[in-house]
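Heads up, the thing below is written out as structure tokens.
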């Protein structure tokens, strides 16, 4: 493939626990790509502020610290522009549904059709919800961080299926709104279950990324590992309750 030398900007459109950190690290392994993190929260951006070590243990105070001191709270458009101004031939960031939906930044990006979109979704949205629940409580559940480079002992939790359904329906609604917002952009769709096989990115996904960003395959595999079991029954102590609640619904087939 012959690479074009003009600078290209992109966003990784995703939600938490869809493999976006894995993809970010994968993109950053390429010598011509710079992919920043959740810059709309002030994390993983060129403006990410220093934070005391003790504060990193507490999720909400940590997020508030990054959000306020990075400038993302007062000037989110400026935070995005700071990323796009970085000295990379291909440069972008992770734009999460809950940070973009209805925001000033979305209006800016929606008009700028030169920004390409890597839309990363997860087919099993029920499993994604449970994984997000575990992620937000990872320290309480005996896990040091929300991502890992080694195999972990599985944990099981009890979650209300009613609350899960409500949040999953909102996630799908956000997905629909954002797909419509970026309808006029160059875009590829990557599905978590199809993108990652044995902790590696599949060749078809790599090809899609290379074509969208117009680069050759010079990637290295990330060292991150999946944190949770592959089945909901291995993640939920009240799996029977979930089976009863979702029987006959659009989500029933995702329980297996």
**Study point:** Label point distance in nm, residue 103-residue 64, each placed 7 Å from Cα along Cα→Cβ
**Key:** 2.0 nm
Point to revise | Antiparallel %, DSSP beta bridges [both residues in the chain], to 5 | key: 10 percent
Study note, to complete from the structure: Of 131, 234, 116, the most mobile residue in a GNM of the chain (C-alpha springs, cutoff 10 Å) is 234
Review point. Taking the alpha-carbon centroid of each part, what is the distance from segment 189-256 to segment 20-80 in angstrom?
Key: 24 Å
Review point. Can you give the translational diffusion coefficient of segment 75-131 in µm²/s, computed by Stokes-Einstein from the Kirkwood radius over Cα pairs at 37 °C and 0.692 mPa s?
Key: 249 µm²/s
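Note the full-extension length gain between residue 162 and residue 51 as 0.36 nm times their separation in residues minus their Cα-Cα distance, in nm to one decimal. Could you put the intermediate results ahead of the total?
Details: separation 111, 0.36 × 111 = 39.96 nm, distance 3.70 nm.
Stretched out fully, the residue 162 to residue 51 stretch lengthens by 36.3 nm.
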Study note, to complete from the structure: Taking the reciprocal of mean 1/r across every pair of different Cα atoms in segment 172-226, the Kirkwood radius in Å is 13.0 Å
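Give me D for segment 8-255 in µm² s⁻¹, whole number, from Stokes-Einstein with Rh from the Kirkwood sum over alpha-carbon pairs, 25 °C and 0.890 mPa s. The partial results should precede the final answer.
On the way: Rh = 19.0 Å.
In µm²/s, the coefficient is 129.
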Check your understanding: Which angle between 0 and 90 degrees, to the nearest 10, do you get for helix 125-136 versus the longest principal axis of the chain when only C-alpha atoms count?
Key -> 80 degrees
Review point. Over segment 203-256, with a single point scatterer placed on each C-alpha, what log10 of the ratio I(q)/I(0) does the Debye formula yield at q = 0.19, 0.25 1/Å?
Key: -0.73, -0.94
Check your understanding: Computed FRET efficiency, Cβ-Cβ of residue 112 and residue 204, R0 30 Å: what is it to the nearest 0.05?
Key -> 0.60
Point to revise | Crossing angle, helix 161-181 versus the chain [Cα axis fit, 0-90 degrees, rounded to tens] | key: 20 degrees
Exercise for review: Compute the acute angle (0 to 90°) between the alpha-carbon long axis of helix 59-69 and the principal axis of greatest extent of the alpha-carbon atoms of the chain; round to the nearest 10°.
Suggested key: 20 degrees
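Please give the FRET efficiency for residue 197 paired with residue 153, using the beta carbon to beta carbon distance and R0 = 30 Å, rounded to the nearest 0.05.
Working: r = 23 Å, r/R0 = 0.77.
Efficiency, rounded to the nearest 0.05: 0.80.
Each value in this text was obtained by applying a stated rule to the coordinates, not by laboratory testing. These numbers come from a predicted model, not from an experiment. FYI the Cβ positions are ideal-geometry reconstructions off the backbone, even for glycines, and counts take in every protein chain you see.
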